[in-house]
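Everything below concerns the one structure shown next.
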Amino acid sequence: MAAEDAALVRLCLSGQIEATRELIERFQADVFGVCLRMLTHRQDAEDVTQETFLRVFRSLHRWDATRPLRPWILGIAINRCRTWLSQRGRRPELVDYLQETASSAPADDSQELVGEIRLALANLRPEYRSVFVLFHEEGRSYEEIAAVHGRPVGTIKTWLHRTRATALKTHERADHDHPPGSWPWRTGSARHSE
């Protein structure tokens, strides 16, 4: 895959439109998924996805062909999300929230639990949130997440542990009917073993 990525990047740098389309199509779903989970608003995620690819193409000549392309692009996406979050001056209006939720009543408590997890994640440092999203929602390995963040695997594991602990405390403070063992990463349903 690295040789294929390098060839695609060379074609993009030479100005071939078809190669540019292929690069976007190959990574768009991953980038949009990370942005949506980090930002929680579809329109923001679409905007940041576009900004990410603009940044990718502006910086493509600096990509190190000895390293995988996907973590490099996801790293740019996460950095763009961090910037977006730090610059976003307002929270969603109540009307926006009601429009998003009015048509979809939760069928069971799992939707409520997902909402609580999202709320807990919204109050965390962007790095912690991105590690959680990449691991639990995108199914990325520790090594891949470490490459995205440019940090050692041990740091990624620590951040993930802290994120889980903080989210669990938030959940327990909410005093809901879900016991701590009902959280996905506490029951062994996560895609990875630690």
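Since every read-out is calculated from the coordinates, none of them should be taken as a lab result. Since this is a predicted model, take the numbers as computed values, not measurements. When we count neighbours, we look across all protein chains shown, and the Cβ atoms used for this are built from the backbone with ideal geometry, even at glycine.
Applying a 10 Å radius around every beta-carbon, put 115-122, 135-142, 16-23 in order of their mean neighbour count, most first.
Descending packing order for the listed peptides: 135-142, 115-122, 16-23.
Based on alpha-carbon centroids, what's the gap between segment 130-167 and segment 1-61 in Å, whole number please?
Cα centroid of segment 130-167 versus Cα centroid of segment 1-61: 22 Å apart.
How much net charge surrounds W159 when only other residues with a Cβ under 9 Å from its Cβ are counted (Lys, Arg +1; Asp, Glu -1)?
On the way: positive: R125, R151, K157, R162; negative: E127.
It works out to a net charge of +3.
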